[in-house]
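Following: one structure in structure tokens, then a few remarks.
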Amino acid sequence: MATERRAEVRWQGSLLEGSGTIVSTTTGAIGEQPVSWPARSTDDAGGVTSPEELIAAAHAACFAMALSNTLANDGHTPEELRTSATVTFQPGEGITGIALTVEGRVPGIDEDGFRAAAQTARENCPVSQALASVPEIGLDARLAG
């Protein structure tokens, strides 16, 4: 059965001077969030989010779920996966790269096995697949020491 998720955004003004608000999402879990061009194009976001920050959160969550599933299916249920995604946005070009980083505590698996599972998860994560047009999606996977 397919599921649908929806988000509503209201925007006022031009791209550079305007601003918007994520008004609602299907579950209500995100709540209202301001969005703006400066939050997208500068390092000083001022507490305002951007589409790229939301993509990073979605990608990190999706990848963690995919990796957990891959590991569990191979008989290595993780104790913990600490995952981050960094989305690089270049004004005028778009999203030019995504860096996924994961550190895991996974009993019974070696570093090579963990990296292979992480690569499989990166390739099969639905968000990775949706972002396939991004020029580079890097991956740094390591077991916690």
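The values are calculated or read from the model by the stated rules, or taken from the named source; none is laboratory data. Since this is a predicted model, take the numbers as computed values, not measurements. Note that each Cβ is placed from the backbone with ideal geometry, even for glycine, and that neighbours are counted across all protein chains shown.
Can you say whether Ile109 is within 12 Å of the chain's Cα centre (by Cα) and at pLDDT 95 or above, as far as the supplied structure shows?
no
Of the residues that make up region 69-80, is at least one modelled with pLDDT of 95 or more and closer than 30 Å to Ser36 by Cα?
So far as region 69-80 goes, no, none of its residues is modelled with pLDDT of 95 or more and closer than 30 Å to Ser36 by Cα.
Which one of Leu71, Leu81, Leu67 is part of a strand (DSSP E or B) and farther than 29 Å from Ser14 by Cα?
Leu81
Please state which of the following conditions Ala99 fails to meet, knowing it meets all the rest: (1) without any contact (Cβ under 8 Å) to a residue 40 or more places away in the chain; (2) over 19 Å from Gly75 (Cα atoms); (3) touching a strand residue (DSSP E or B) at 6+ places or on another chain (Cβ under 6 Å).
If we test Ala99 against (1) without any contact (Cβ under 8 Å) to a residue 40 or more places away in the chain; (2) over 19 Å from Gly75 (Cα atoms); (3) touching a strand residue (DSSP E or B) at 6+ places or on another chain (Cβ under 6 Å), just (1) comes out false.
Can you name the strands (runs of 3 or more DSSP E) wholly within region 7-47 that have at least 2 residues being free of Cβ contacts under 8 Å to residues at least 60 places away in the same chain, in contact with a Lys or Arg (Cβ under 7 Å, 6 or more places away or on another chain) and not small (Gly, Ala, Ser)?
19-25
Suppose we filter region 116-145 for residues that are in a strand (DSSP E or B) and either closer than 17 Å to Ala61 by Cβ or touching a His at 6+ places or on another chain (Cβ under 9 Å) (or both); how many remain?
Count: 3.
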